[in-house]
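**Student:** Structure incoming, see below.
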Amino acid sequence: MGTPEFAVPSLEALVDSGFKPIAVVTGPDKAKGRGQKWSATAVKNAAISLGIEHILTPEDVKSESFAEAIRELQPDIMVVVAFRILPESVFSAAKRGTFNLHGSLLPKYRGAAPINRAIMAGETETGVTTFLLQQKVDTGNILIKRAMSIGEHETAGEVHDRMSVLGAGVVVETVRLIESGDYTAVSQDDSLASPAPKIFRQDCEIDWARPSGEVHNQIRGLSPYPGAFTSLDGKTMKVYASLPKPKTNTSARAGEVLENEHSILVSCGSGSLEILTVQLEGKKAMSSSEFLRGNSIHVGTQLGNV
């Protein structure tokens with residue numbers, strides 16, 4: 001069970017390892033783009049290319065008809081990677097259990113946005129965890145944990161791509177573990193838990209009064225999607241890449257542009273931040289140097305809502 005690109009390596013790894021699923025469950029097709037053309041999920045496209053014929057695309061995973069469809073399959077194991085929250089009537093249908101691949105070292109960063117939240121918090125390590133599903137989200141007993149580093153300037157998109165490959169190997173390892181019957185699932189220590197709720201618009205607006213390192217972590221933790229943003233002359237400007245720098249002008253206000261020659265240097269609460277990649281409202285993303293060739297940002301310009 002999975003929907004986005006993150007889940008595709010896990011599906012491919014299962015097939016490559018001789019664990020071709022009897023069925024795949026994914027989100028329904030959606031109309032996308034200006035032409036509103038119907039588009040299948042990344043997992044559905046992968047399943048078709050892998051020759052998996054039984055594909056379910058339920059509108060409502062809590063419906064009794066969906067639970068009945070799963071029970072009729074009589075699955076031994078169900079694997080969940082970036083899918084929806086399942087009711088017990090569904091996840092209890094697997095004879096040997098249902099497990100989920102989560103993008104953090106549980107119990108840290110329980111929730112919908114573990115990669116983003118870890119980077120935004122300045123973590124230098126994250127990882128993946130497989131755990132057996134139970135009623136409360138992301139609280140089930142742990143099967144396997146595998147750590148990975150987060151680079152100093154690595155973005156959420158880059159961590160996501162590396163993690164999907166790491167996770168695929170752990171998914172196969174977990175299936176083999178359950179198949180062997182020789183394992184102990186370890187309960188999570190709830191006292192060590194931290195939340196990773198979904199990203200909202202207010203999480204994306206840059207507060208230039210914060211230290212430059214924190215703003216940098218926010219920018220890379222939201223890059224490439226949904227993107228941290230500030231405002232320039234009343235227009236929204238997204239920032240996708242940055243670099244913390246020392247502050248040379250200590251009297252400058254937070255959000256004030258300090259340099260505008262080859263890139264945009266902005267004053268922060270402490271330190272300053274070099275903006276490397278931007279996207280002005282209605283325009284494409286581009287490097288700061290390319291942006292400056294077509295747009296004038298004067299030294300002393302104030303970014304953000306004052």
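The values are calculated or read from the model by the stated rules, or taken from the named source; none is laboratory data. Please read these numbers as outputs of a predicted model, since none were measured by experiment. No Cβ is skipped: glycine too gets one built from the backbone with ideal geometry, and neighbour counts run over all protein chains shown. To get the accessible areas, we keep the full protein, side chains included, count just its heavy atoms, and leave off ligands, DNA and RNA. Shrake-Rupley method; radii C 1.70, N 1.55, O 1.52, S 1.80 Å.
**Student:** Name the residues in segment 265-300 that are among the hydrophobic types (A, V, I, L, M, F, W, C) and not in a strand (DSSP E or B), would you?
**Tutor:** Looking only at segment 265-300, we keep the residues that are among the hydrophobic types (A, V, I, L, M, F, W, C), and these are 265-266, 268, 273, 275-276, 278, 280, 285-286, 291-292, 297, 299.
Passing the criteria: Cys268, Ala285, Phe291, Leu292, Ile297, Val299.
**Student:** Oh, and also: Filter segment 84-102 down to residues that are touching a residue at least 60 places away in the same chain (Cβ under 8 Å), outside any strand (DSSP E or B) and touching a strand residue (DSSP E or B) at 6+ places or on another chain (Cβ under 8 Å), then give me how many there are.
**Tutor:** 2
**Student:** Does Lys198 satisfy the condition of being open to solvent by 30 Å² or more (accessible area, probe 1.4 Å), part of a loop (DSSP other than H, G, I, E, B) and either without any contact (Cβ under 8 Å) to a residue 40 or more places away in the chain or closer than 22 Å to Glu88 by Cα (or both)? Step through it out loud before you land on a result.
**Tutor:** On the way: open to solvent by 30 Å² or more (accessible area, probe 1.4 Å): yes; part of a loop (DSSP other than H, G, I, E, B): yes; either without any contact (Cβ under 8 Å) to a residue 40 or more places away in the chain or closer than 22 Å to Glu88 by Cα (or both): no.
No; evaluated as a whole, the condition is false for this residue.
**Student:** Starting from residues that are modelled with pLDDT under 95 and surrounded by fewer than 13 Cβ atoms within 10 Å (Cβ to Cβ), keep the ones in segment 35-52 and report whichever is nearest to Phe83 (Cα to Cα).
**Tutor:** Looking at residues that are modelled with pLDDT under 95 and surrounded by fewer than 13 Cβ atoms within 10 Å (Cβ to Cβ), I get Trp38.
**Student:** A follow-up question, please. Hey, Ser231 hits all of (1) hydroxyl-bearing (Ser, Thr, Tyr); (2) open to solvent by less than 30 Å² (accessible area, probe 1.4 Å); (3) in a loop (DSSP other than H, G, I, E, B) but one; which does it fall short on?
**Tutor:** Going through the list (1) hydroxyl-bearing (Ser, Thr, Tyr); (2) open to solvent by less than 30 Å² (accessible area, probe 1.4 Å); (3) in a loop (DSSP other than H, G, I, E, B), Ser231 breaks only (3).
**Student:** Can I ask one more? Within segment 133-146, is there a residue that is within 15 Å of the chain's Cα centre (by Cα), at negative phi, in a loop (DSSP other than H, G, I, E, B) and free of Cβ contacts under 8 Å to residues at least 60 places away in the same chain?
**Tutor:** no
**Student:** Hey, can you tell me all the residues within segment 151-178 that are more than 15 Å from Val80 (Cα to Cα), open to solvent by less than 60 Å² (accessible area, probe 1.4 Å) and not small (Gly, Ala, Ser)?
**Tutor:** Hits for segment 151-178 are Glu154, Thr155, Val159, His160, Met163, Leu166, Leu177.
**Student:** Can we say Met148 is touching a helix residue (DSSP H, G or I) at 6+ places or on another chain (Cβ under 8 Å) and either among the hydroxyl-bearing types (Ser, Thr, Tyr) or surrounded by 17 or more Cβ atoms within 10 Å (Cβ to Cβ) (or both)?
**Tutor:** Details: touching a helix residue (DSSP H, G or I) at 6+ places or on another chain (Cβ under 8 Å): yes; either among the hydroxyl-bearing types (Ser, Thr, Tyr) or surrounded by 17 or more Cβ atoms within 10 Å (Cβ to Cβ) (or both): no.
When the stated conditions are applied, Met148 does not pass them.
**Student:** Can you go through Asp233, Asp207 and tell me which one is at negative phi and of a type in the set (Asp, Glu)? Give the steps one after another, and end with the answer.
**Tutor:** Values: Asp233 fails: at negative phi.
Selected residue: Asp207, the only one of Asp233, Asp207 that is at negative phi and of a type in the set (Asp, Glu).
**Student:** Among the numbered criteria (1) open to solvent by less than 80 Å² (accessible area, probe 1.4 Å); (2) among the β-branched types (Val, Ile, Thr); (3) assigned to a loop (DSSP other than H, G, I, E, B), which single criterion is violated by Thr248?
**Tutor:** That leaves (1) as the condition not met.
**Student:** Quick check on my filter: what residues within segment 182-193 are in contact (Cβ under 8 Å) with a residue 24 or more places away in the chain, assigned to a loop (DSSP other than H, G, I, E, B) and either among the hydrophobic types (A, V, I, L, M, F, W, C) or open to solvent by 30 Å² or more (accessible area, probe 1.4 Å) (or both)? Break it down into steps so the answer makes sense when it comes.
**Tutor:** So the first thing to find is which residues in segment 182-193 are in contact (Cβ under 8 Å) with a residue 24 or more places away in the chain, and the list is 183, 185-190, 192-193.
Then keep just the ones that are assigned to a loop (DSSP other than H, G, I, E, B); that gives 183, 185, 187-189, 193.
Selection gives Tyr183, Ala185, Ser187, Asp189, Ala193.
**Student:** Let me ask another. Scan segment 246-266 for residues that are under 29 Å from the mean Cα position of the chain (by Cα) and at pLDDT 95 or above and jot them down.
**Tutor:** So the first thing to find is which residues in segment 246-266 are under 29 Å from the mean Cα position of the chain (by Cα), and the list is 255, 263-266.
Selection gives Gly255, Ile264, Leu265, Val266.
**Student:** Are any residues in segment 53-83 small (Gly, Ala, Ser) and either without any contact (Cβ under 8 Å) to a residue 12 or more places away in the chain or open to solvent by 50 Å² or more (accessible area, probe 1.4 Å) (or both), and if so, which ones?
**Tutor:** Just the residues of segment 53-83 that are small (Gly, Ala, Ser), to begin with: 63, 65, 67, 69, 82.
Across segment 53-83, the qualifying residues are Ser63, Ser65.
**Student:** If I filter segment 22-44 for residues that are assigned to a helix (DSSP H, G or I), under 24 Å from Gln74 (Cβ atoms), touching a residue at least 40 places away in the same chain (Cβ under 8 Å) and of a type outside the set (Ser, Thr, Tyr), do I get at least one hit? Please lay out each step first, then the result.
**Tutor:** Taking segment 22-44 and keeping what is assigned to a helix (DSSP H, G or I), we get 42-44.
Still in the running and under 24 Å from Gln74 (Cβ atoms): 43-44.
Adding the requirement that they be touching a residue at least 40 places away in the same chain (Cβ under 8 Å) leaves 43.
Add one more test, that the residue is of a type outside the set (Ser, Thr, Tyr), and what stays is 43.
Yes, some residue in segment 22-44 is assigned to a helix (DSSP H, G or I), under 24 Å from Gln74 (Cβ atoms), touching a residue at least 40 places away in the same chain (Cβ under 8 Å) and of a type outside the set (Ser, Thr, Tyr).
Yes/no per residue for (1) out of contact with any Lys or Arg (no Cβ under 8 Å at 6 or more places or on another chain); (2) not hydroxyl-bearing (Ser, Thr, Tyr):
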residue	(1), (2)
Leu243	yes, yes
Thr248	yes, no
Leu280	no, yes
Ser288	yes, no
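**Student:** Here's something else I'd like to know. Tell me whether segment 2-16 contains one or more residues that are part of a loop (DSSP other than H, G, I, E, B), of a type in the set (Asp, Glu) and within 25 Å of the chain's Cα centre (by Cα). Show your work before the answer.
**Tutor:** Of segment 2-16, the ones part of a loop (DSSP other than H, G, I, E, B) are 3-4.
Now restrict to residues that are of a type in the set (Asp, Glu): none.
Checking segment 2-16: not a single residue is part of a loop (DSSP other than H, G, I, E, B), of a type in the set (Asp, Glu) and within 25 Å of the chain's Cα centre (by Cα).
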